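The values are calculated or read from the model by the stated rules, or taken from the named source; none is laboratory data. Please read all numbers here as calculations on a predicted model, not as lab measurements. Don't worry about glycine lacking a Cβ; one is built from the backbone with ideal geometry, like all the others, and counts go over all protein chains shown.
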C-alpha cells in the first residue's frame, strides 16, 4: 500500500482480496459476460492551480458498481495518480456517475472496475487574420 499527499491509500489486489470480493458477491470486470458501461459522470473539475502550471495527468480509481448502476461509495479506492491534486476531483465526479451494471446470464451483478480520469489541458486555437 502506498500513500499520496492527501493520505488516501493506494490499494493493489492480491488473490486473497479477489477471494474476499467473490465471497461478498462482487465479480471482477474481466469475469462478467457484459461489461459495465458509463452512462453519466459528474463534471470533472480541473484544479485551477494545476491548470495554470500546465500540469496534466491521469487518476485511476477502483470501485464496485452496484446492481442499481451506482457506485458503492465505501468501495472507492485509488489505483494510481500522476498528481495528488487530481484525486479529489476524480472522486467527486465518480460519486455522481451512473453505469449500466455488469451482467452475467443477462442479470446485473455487482462488478469491480477500474476507471481512468484524464486531465488534459485543451489549447484554444487562435485564428490568424490575413490582411
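Among the residues of the range 72-88, the ones that are without any contact (Cβ under 8 Å) to a residue 40 or more places away in the chain and within 10 Å of the chain's Cα centre (by Cα) come to 1 in all.
Residue 104 - would you say it is at negative phi and surrounded by 16 or more Cβ atoms within 10 Å (Cβ to Cβ)?
Spelling it out, it is not the case that residue 104 is at negative phi and surrounded by 16 or more Cβ atoms within 10 Å (Cβ to Cβ).
Would you check which residues across the range 50-66 are in contact with a helix residue (DSSP H, G or I) (Cβ under 7 Å, 6 or more places away or on another chain) and either part of a helix (DSSP H, G or I) or farther than 20 Å from residue 79 by Cα (or both) and list them? Steps first, please.
Looking only at the range 50-66, we keep the residues that are in contact with a helix residue (DSSP H, G or I) (Cβ under 7 Å, 6 or more places away or on another chain), and these are 50, 57, 59, 61, 63-64.
Matches in the range 50-66: 50 only.
With respect to the conditions (1) outside any loop (DSSP other than H, G, I, E, B); (2) at pLDDT 95 or above, residue 38 lacks only one, and its number is (2).
One residue stands out among those in the range 78-90 that are in contact with a strand residue (DSSP E or B) (Cβ under 7 Å, 6 or more places away or on another chain) and buried (at least 18 other Cβ atoms within 10 Å of the Cβ): the one that is farthest from residue 45 (Cα to Cα), which is 78.
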